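The values are calculated or read from the model by the stated rules, or taken from the named source; none is laboratory data. Owing to the predicted nature of the structure, the values given are computational and were not obtained by experimental measurement. Every residue, glycine as well, gets a Cβ built from its backbone with ideal geometry; the counts of neighbours run over all protein chains shown. These accessible areas exclude ligands, DNA and RNA; they are computed on the full protein's heavy atoms, side chains included. Shrake-Rupley method; radii C 1.70, N 1.55, O 1.52, S 1.80 Å.
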Amino acid sequence: MGDISNFKGMSKEIMDFRELYGSEPLWTNSMFSGMPAFQISVNYTLNLISYLYKFLLSFPRPAEFIFLYALGFYVLLRTLKLEYRLAIFGSVAFALSSYFIVIIMAGHSSKAYAIAFMAPVLAGFILTYNGKVLQGMALAGIAMALELRANHIQITYYLGFILLFYIIAELIRSYRNKLLPLFIRRTLALGAVMVFALLANFGNIYNTLVYSKYSTRGPSELTIKSDGSSNNDIKTTGLDRDYVTQWSYGIEESLTFIIPDAKGGATALLGNDEKAMKGVSPQMRQFVGQNNHYWGNQSITQGPVYLGIIIVFLFLLGLISIKSRFKWVMLALGLLALALSWGKNMMWFTDLFLNYIPGYNKFRAVTMILVIIEFVTPLLAVLYLNRIYRTPSVLSNKFKYQGKEFGNKFYIVSGVFAFGLFLLYLTPSTFLDFFSEREMSYFSAQLAEGNSQIQQFIDALKETRINIFKADALRSIAFFSVAFIILLLYKTKTIGQSALVYTLGLFIAVDLWFVDKRYLNNDKEKGQYTHWEKKKDTQFAFLPNEAELNILERELVLNTIHPDLNEKAESALALASEKKKKNKSRLSTAEKNNILFRTLNFNTNFRVLNISASTFNESSTSYFFKSLGGYHGAKLKIYQELIEFEIQPEIQELINRLQNGVPPHIAFENMNALNMLNTQYLIYNPNAEPVENPNNLGSAWFVNDIKWVTTPDEAILSIKDLDVATTAIISDKYTSLFTGVNPTSNPEKKIVLKDYKPNELVYESEASNTEFGVFSEIYYPEGWTATIDGNLSEIIRVNYVLRGLIIPSGKHKIVFTFNPPTYTTANTISLISSTLLLLFGLWVLSKIFRGKLQGRVE
């Protein structure tokens, strides 16, 4: 589970701090030079909902994900009064939707949990609006509290679409039936429990909202891109348009709902697939095998969204046959989600939402909205199955026009669906492209250059991909045919209700199951399961490479700032060894290294730049050191901009210099961003010695001069032009604070870090004049305070991303502390709200058991 490993990397410093000090740091310096921990790992220990949440998550993994998917959907279907066997098979159909399995493999755990709690929330709303008010309120409130506890705001946001559309449908029904007062009372009742659910998770929600203003999900202060051009074409009040739509589902790609390999499946090499390469000449097979199995336009994908051909077939029959306001809610939701999932492929529609729908521009990967389709499609499909189960004559219904009947709905829908499937199978090239846009661009360039063999290769690759498509299309036709025959036998009373449920339910499960096994399975390679890890191998998310071990050795032996570091490391090892002896075991090498790296982290303060991996999309470096890189979808906006404007160009220039033999002390010259960020080591090869940076400015320094700027654009552009070791770049809004400040070039002035914790940094300074000090810590205005000898001092934003202080002459103790007051307040609010919510749920439950609740589901 890739994201779980990345989570362990990004949260390692937080977890270590929690273990050592028994409290929450709320900040970490292990990623992106420093950022709040609110969207990484923060425990709100007084939220009682968390204990219910942990109980529900206590089943064996990964079975717990599928169980929770199915359990939540089962609750919804039983709320809608479906027969229990139909509810079971409907729940299985929902749980085995391919995307829900793919995200398990990827490690998107919080997303999976949030999806699992969607259905019970809707079930609570349905109960409330249909007369069982107390039961509905209790279910909706506790389910929403669990939904919010899962902490995947994007999925919760899409759940909001489902609830909003349902509420609108209820409003229309109430208006028509002259029941608006009843609707208003029930809506207010639901609103009340939603507030309690929100307040139970107040800390996480509030701190997320505060942080979002300063993260990549918030607006930029800049008016330019890194190339100097205007950013008006991509700028929103949230994420940039190109970033939001980076993962957009192709219009043709939507065929994966019924044909899983409509675009080849997951990103992977074709390899030596004999069936796919049937008809391809032997001399071309090797070249074809080196190309992508996936030919859609997403940059990478781990698998398609496959809903199940039988489920889609039943959904279409339901659209035509069921008379219900619920049907139109699901159709509208499905069409909206489909259009929005296309992202840049229907940009005019996406722009409407980015510009005018609150919150929409805060989320990336528009394809994620397909969870709505994965929700409503099996729901309507099973509702149709329930309708024909109770009333078989529905299969004989005909279309009506001006009072006249014509054409059996079942036959017409089946015929049109079958015709479309066969047409796609027989003539796929007529309707579909079998190359991505990037591939077409490359092939066009090669053809223009007169490459004589490229056309032969294009034809061979296309033939291979058509074979892949047709094989899956034929598979879908087969499952559709089985479903049609089962329904036909039921229509003609050849089989009964039980046979209908069991046979159709079985084929639905088999259809989805075998597609899911393409992405998560029990296949073996060299006698070992390819998707299973032994528990002992997952004790540590990452093991140090040679370069990281070399840094550890250098710091333990050669550290002059903390000469007692080695002694502290030996003491920590001795203590851990004694604990192991009590259990009659010994410390393993991995355990020893874990202790040594943890000791190193909390007794030093330098950063590592790892360019041997994807610097800004990996967390292994953060597992061992304070890193300039990291892995997170919502880093600080100002840091992301520094990456684009300065860090990435400097990395490229640094690589060029080192490859040309320039020695490190010269190579790091004028690397202003890297040097001011306390970059002590560069890892360019994980199996070689790291490069040490002699130009690193350290944890803090005094400057000799100040450059005043008037705009953020000017501030960020000035970094590459000035010597940040001697000059600070500061906005002119701070000029009134600098009366009497007289920066000098006195070499005796100094600032030294004396004690490090992620949420508390203690320095000592010494200077003969009032000076300005720059600290290589990331500026964040919400929660950080600074004191000089116990007196508050204003933190000044300097060099676009760093902190600075005006420091008086003499010797002083400087302390930076991160302690947002909202954390304590939020914990108290969570305790009160979660307690009341759970007590209300228990009270309702007791009344149900005592038979004292009235009300009916209409």
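For segment 413-430, which residues satisfy the criterion of being free of Cβ contacts under 8 Å to residues at least 24 places away in the same chain, part of a helix (DSSP H, G or I) and open to solvent by 50 Å² or more (accessible area, probe 1.4 Å)? Don't jump to the end; show me each part of the working.
Residues of segment 413-430 free of Cβ contacts under 8 Å to residues at least 24 places away in the same chain: 415-416, 419-420, 423, 426-427, 430.
Pick out the ones that are also part of a helix (DSSP H, G or I) and you get 415-416, 419-420, 423, 426, 430.
Passing the criteria: Val416, Phe419, Leu423, Leu426, Thr430.
Counting only residues that are at pLDDT below 90 and touching a Leu at 6+ places or on another chain (Cβ under 8 Å), how many does segment 290-349 have?
8
For Thr679, which of the numbered conditions (1) more than 18 Å from Ala547 (Cα to Cα); (2) in contact with a strand residue (DSSP E or B) (Cβ under 7 Å, 6 or more places away or on another chain); (3) among the polar types (S, T, N, Q) fails to hold?
For Thr679, the exception is condition (1).
Restricting attention to segment 44-56, and to residues there that are assigned to a helix (DSSP H, G or I) and touching a residue at least 40 places away in the same chain (Cβ under 8 Å), which single residue is surrounded by the most Cβ atoms within 10 Å (Cβ to Cβ)?
Here the residue is Ile49.
For Ile647, state whether it is open to solvent by less than 10 Å² (accessible area, probe 1.4 Å), β-branched (Val, Ile, Thr) and touching a Pro at 6+ places or on another chain (Cβ under 7 Å).
no
Could you look through segment 612-631, keep only residues that are modelled with pLDDT under 90 and of a type in the set (A, V, I, L, M, F, W, C), and pick out the one that is surrounded by the fewest Cβ atoms within 10 Å (Cβ to Cβ)?
Ala613
Is it the case, given these coordinates, that Asn231 is in contact with a Lys or Arg (Cβ under 7 Å, 6 or more places away or on another chain) and either of a type in the set (A, V, I, L, M) or open to solvent by less than 20 Å² (accessible area, probe 1.4 Å) (or both)? Walk me through how you get there before you give the answer.
Values: in contact with a Lys or Arg (Cβ under 7 Å, 6 or more places away or on another chain): yes; either of a type in the set (A, V, I, L, M) or open to solvent by less than 20 Å² (accessible area, probe 1.4 Å) (or both): yes.
Yes.
Can you pull out the residues in segment 101-118 that are aliphatic (A, V, I, L, M) and within 14 Å of Ala150 (Cα to Cα)? It would help to see each step written out before you state the result.
Taking segment 101-118 and keeping what is aliphatic (A, V, I, L, M), we get 101-106, 112, 114-116, 118.
Ala112, Ala114, Ile115, Ala116, Met118 - these are the residues of segment 101-118 that are aliphatic (A, V, I, L, M) and within 14 Å of Ala150 (Cα to Cα).
In segment 748-764, how many are in a strand (DSSP E or B) and more than 42 Å from the chain's Cα centre (by Cα)?
Taking segment 748-764 and keeping what is in a strand (DSSP E or B), we get 750-757, 760-764.
Now narrow it down to the ones that are more than 42 Å from the chain's Cα centre (by Cα): 750.
Number of matching residues: 1.
Return only the number of the condition from (1) open to solvent by 10 Å² or more (accessible area, probe 1.4 Å); (2) touching a Leu at 6+ places or on another chain (Cβ under 8 Å); (3) under 25 Å from Pro712 (Cα atoms) that Asn605 does not satisfy.
Unmet condition: (3).
Name the residue, out of Ala590, Ala634, that is in contact (Cβ under 8 Å) with a residue 60 or more places away in the chain and either surrounded by fewer than 18 Cβ atoms within 10 Å (Cβ to Cβ) or under 24 Å from Tyr214 (Cα atoms) (or both).
Answer to the selection: Ala634.
Evaluate the following for Val376: is it within 18 Å of Phe315 (Cα to Cα) and either surrounded by fewer than 17 Cβ atoms within 10 Å (Cβ to Cβ) or under 23 Å from the mean Cα position of the chain (by Cα) (or both)?
yes
Only one residue in Lys582, Lys568 is over 25 Å from Val752 (Cα atoms) and open to solvent by 40 Å² or more (accessible area, probe 1.4 Å). Which one? Even if it seems obvious, please write down each step before you answer.
Values: Lys568 fails: over 25 Å from Val752 (Cα atoms).
Only one candidate qualifies: Lys582.
What number of residues within segment 147-165 are open to solvent by less than 10 Å² (accessible area, probe 1.4 Å) and either β-branched (Val, Ile, Thr) or assigned to a helix (DSSP H, G or I) (or both)?
5
Only residues that are among the aliphatic types (A, V, I, L, M) and closer than 15 Å to Asn545 by Cα: list them for segment 584-630, please.
Initially, segment 584-630 is screened for residues among the aliphatic types (A, V, I, L, M), giving 587, 590, 595-596, 600, 608-609, 611, 613, 628.
Selection gives Ala590, Leu596, Val608, Leu609, Ile611, Ala613.
Search segment 32-43 for residues that are under 20 Å from Thr615 (Cα atoms) and assigned to a loop (DSSP other than H, G, I, E, B) and pair each with any residue that is basic (Lys, Arg) and modelled with pLDDT of 85 or more when their beta-carbon atoms are under 9 Å apart and the residues are at least 6 apart or on different chains.
Phe32/Lys635; Ser33/Arg607; Ser33/Lys626; Gly34/Lys626
Restricting to segment 693-705, name every residue that is part of a strand (DSSP E or B) and either among the aromatic types (Phe, Trp, Tyr) or surrounded by fewer than 18 Cβ atoms within 10 Å (Cβ to Cβ) (or both).
Selection gives Trp701, Phe702, Asp705.
Restricting segment 473-494 to residues that are of a type in the set (Val, Ile, Thr) and in contact (Cβ under 8 Å) with a residue 12 or more places away in the chain, which is farthest from Val312 (Cα to Cα)?
Among those that are of a type in the set (Val, Ile, Thr) and in contact (Cβ under 8 Å) with a residue 12 or more places away in the chain, it is Ile486.
Which condition number in (1) at negative phi; (2) touching a strand residue (DSSP E or B) at 6+ places or on another chain (Cβ under 8 Å); (3) at pLDDT below 90 is the one that Ile412 fails?
So the condition that Ile412 fails would be (3).
May I ask you to list the residues in segment 401-412 that are touching a helix residue (DSSP H, G or I) at 6+ places or on another chain (Cβ under 7 Å) and open to solvent by 20 Å² or more (accessible area, probe 1.4 Å)? Walk me through how you get there before you give the answer.
Just the residues of segment 401-412 that are touching a helix residue (DSSP H, G or I) at 6+ places or on another chain (Cβ under 7 Å), to begin with: 408-410.
If the condition is that a residue be touching a helix residue (DSSP H, G or I) at 6+ places or on another chain (Cβ under 7 Å) and open to solvent by 20 Å² or more (accessible area, probe 1.4 Å), then Asn408, Lys409 are the ones that fit.
Given the residues Gly783, Gly740, Gly804, which is the only one that is out of contact with any Cys (no Cβ under 6 Å at 6 or more places or on another chain), on the phi > 0 side of the Ramachandran plot and open to solvent by less than 50 Å² (accessible area, probe 1.4 Å)?
Values: Gly740 fails: open to solvent by less than 50 Å² (accessible area, probe 1.4 Å); Gly804 fails: on the phi > 0 side of the Ramachandran plot.
None of the other options fit; the residue is Gly783.
For segment 482-514, which residues satisfy the criterion of being crowded, with 16+ Cβ neighbours inside 10 Å, among the charged types (D, E, K, R) and at pLDDT below 95? Show your work before the answer.
Here is the first cut: in segment 482-514, the ones crowded, with 16+ Cβ neighbours inside 10 Å are 482-484, 486-487, 490-491, 495, 500-501, 503-505, 507-509, 511-512.
Subsequent filtering for residues that are among the charged types (D, E, K, R) retains 491, 511.
Correct list: Lys491 only.
Here are the criteria: (1) modelled with pLDDT under 95; (2) touching a Gly at 6+ places or on another chain (Cβ under 7 Å); (3) assigned to a helix (DSSP H, G or I). Tell me which single one Pro120 does not satisfy.
Looking at each condition in turn, Pro120 falls short on (1).
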